[in-house]
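First the structure, in the form of structure tokens, and then the observations on it.
The values are calculated or read from the model by the stated rules, or taken from the named source; none is laboratory data. The structure presented is a predicted model; accordingly, all values stated were derived computationally and were not measured. FYI the Cβ positions are ideal-geometry reconstructions off the backbone, even for glycines, and counts take in every protein chain you see.
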Amino acid sequence: MKELKILAIETSCDETSVAVIKNGREIMSNIISSQISTHRIFGGVVPEIASRMHLENINLIIKEALEEAKIGFEDIDLVACTKGPGLIGALLVGISSAKAISFALDIPLVGVNHMEGHICANYLVHKDLEPPFIGLIVSGGHTYLVQVNSYTDFEIIGRTRDDAAGESFDKIARALGLAYPGGPEIDAQAKKGNPEAIDFPRVIIDKKTYDFSFSGLKTSVLNYINNQKQKNIELNIPDICASFQQAVLDVLIEKSYRLLKEKNMNKFVISGGVAANSKLIEMAEKMGEENNIKVYYPSKILSTDNAAMIGCAAYYDYINGKRDELSLKVYPNLELGQ
């Protein structure tokens, strides 16, 4: 098969990212323009502002990605973009740019599921990684336990029934007065605290399901914070962060290990923004060492939203026969595997 160069665009939330990927697993460039400093003053992402900033940045980021890869538009064989899930206005900027490039250059277009992209981020780091394996995807909006049967076949075994793990981190961080995004802030504070200081609940639901629930834990932490304030007791932020984080991670690891055992799998792949959490990686690696399970996770830059992972996912979709028409739509609530 001839060398395939993919121009990939990711604009699902508050990062404008464009990458050039060669043959699915080689990053020629991966430019990420983050909007975090803009949204931080609001305590979270403002969709209208995100869309406008994508619109202002997209052409510049495309130009920079091509320059870093040392190629021109004429060298691109395929254009890929995120079709969902995400913020509808933000997604529209990326998909419109991809359609324009596809039309102008007369090259194929592939719309990518953002969550599948997160899984594929690991292929860019771990050249030896191949399906099948068990995947844990933990991000701001989603929490999935998945059996990855092939590069394009994803079987959801468990999912969150309410709040996603990353969303809970952001909400607790906001309640504690920590900066946005909350995940890295809680991770940093937790390193200074005692994870056993406060006995927050571990919501397992029941042994018959691999689904998750974090709303009860979030409510318990918020009630604890409010009770302490009402009693004029100074908050021990490191202890609260460490105890909350431990309650989330205990459930994630317990369910993941149980599924790995049930499916007799020895490869465990962590993806999504929460994959950057140092304690999650520490616990996963300990579980792997004790049970002869190989643990994979992306680099920090590839755990957050980026176009390189979209290009990787598009490659496997494309070689398996997927093509999209210029009528391709965005799907803000797209589920994994759709």
Can you tell me how many residues in the range 28-41 are touching a residue at least 40 places away in the same chain (Cβ under 8 Å) and more than 18 Å from the chain's Cα centre (by Cα)? 4
In the range 265-285, what residues are farther than 19 Å from HIS118 by Cα, in contact with a strand residue (DSSP E or B) (Cβ under 9 Å, 6 or more places away or on another chain) and in a helix (DSSP H, G or I)? GLU285
Sole exception among (1) touching a strand residue (DSSP E or B) at 6+ places or on another chain (Cβ under 7 Å); (2) without any contact (Cβ under 8 Å) to a residue 12 or more places away in the chain; (3) not assigned by TED's automatic domain parsing to the domain that holds LYS261 for SER327, by number: (1)
Mind listing just one residue for me: the one in the range 151-166 that is β-branched (Val, Ile, Thr) and modelled with pLDDT of 95 or more and, of those, farthest from SER220 (Cα to Cα)? THR152
Residue list for the range 11-67, filter: among the charged types (D, E, K, R), surrounded by 16 or more Cβ atoms within 10 Å (Cβ to Cβ) and in contact with a strand residue (DSSP E or B) (Cβ under 9 Å, 6 or more places away or on another chain): ASP14, GLU15, LYS22
Which of the following residues is assigned to a helix (DSSP H, G or I), under 30 Å from ILE107 (Cβ atoms), of a type in the set (D, E, K, R) and modelled with pLDDT of 95 or more: ASP317, ASP239? ASP317
Mind checking whether some residue in the range 248-266 is surrounded by fewer than 20 Cβ atoms within 10 Å (Cβ to Cβ), of a type outside the set (A, V, I, L, M, F, W, C) and touching a residue at least 60 places away in the same chain (Cβ under 8 Å)? yes
Tell me, yes or no, whether the range 180-194 has at least one residue that is loosely packed, with under 14 Cβ neighbours inside 10 Å, free of Cβ contacts under 8 Å to residues at least 40 places away in the same chain and either in contact with a Pro (Cβ under 8 Å, 6 or more places away or on another chain) or over 26 Å from ILE36 (Cα atoms) (or both). no
Among the residues of the range 286-306, write down those that are touching a residue at least 60 places away in the same chain (Cβ under 8 Å), assigned to a helix (DSSP H, G or I) and over 14 Å from GLY135 (Cα atoms). ILE301, LEU302
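Each row is one residue, and each column tells you yes or no for (1) farther than 27 Å from GLN147 by Cα; (2) more than 22 Å from the chain's Cα centre (by Cα); (3) among the aliphatic types (A, V, I, L, M); (4) assigned by TED's automatic domain parsing to the domain that holds GLY183.
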| site | (1), (2), (3), (4) |
| --- | --- |
| ASP211 | no, no, no, yes |
| ASN227 | yes, yes, no, yes |
| GLN230 | yes, yes, no, yes |
| ILE233 | yes, yes, yes, yes |
| ILE240 | yes, yes, yes, yes |
| GLN245 | no, no, no, yes |
| MET265 | no, yes, yes, yes |
| ASN291 | no, yes, no, yes |
Working only within the range 117-160, note down all residues that are in a helix (DSSP H, G or I) and either crowded, with 19+ Cβ neighbours inside 10 Å or among the basic types (Lys, Arg) (or both). GLY117, HIS118, ILE119, CYS120, ALA121, ASN122, TYR123, LEU124
LEU235 passes all but one of (1) touching a Leu at 6+ places or on another chain (Cβ under 8 Å); (2) crowded, with 20+ Cβ neighbours inside 10 Å; which number fails? (2)
Determine whether LEU109 is at pLDDT 95 or above, in contact with a Ser or Thr (Cβ under 7 Å, 6 or more places away or on another chain), within 30 Å of ILE237 (Cα to Cα) and not acidic (Asp, Glu). no
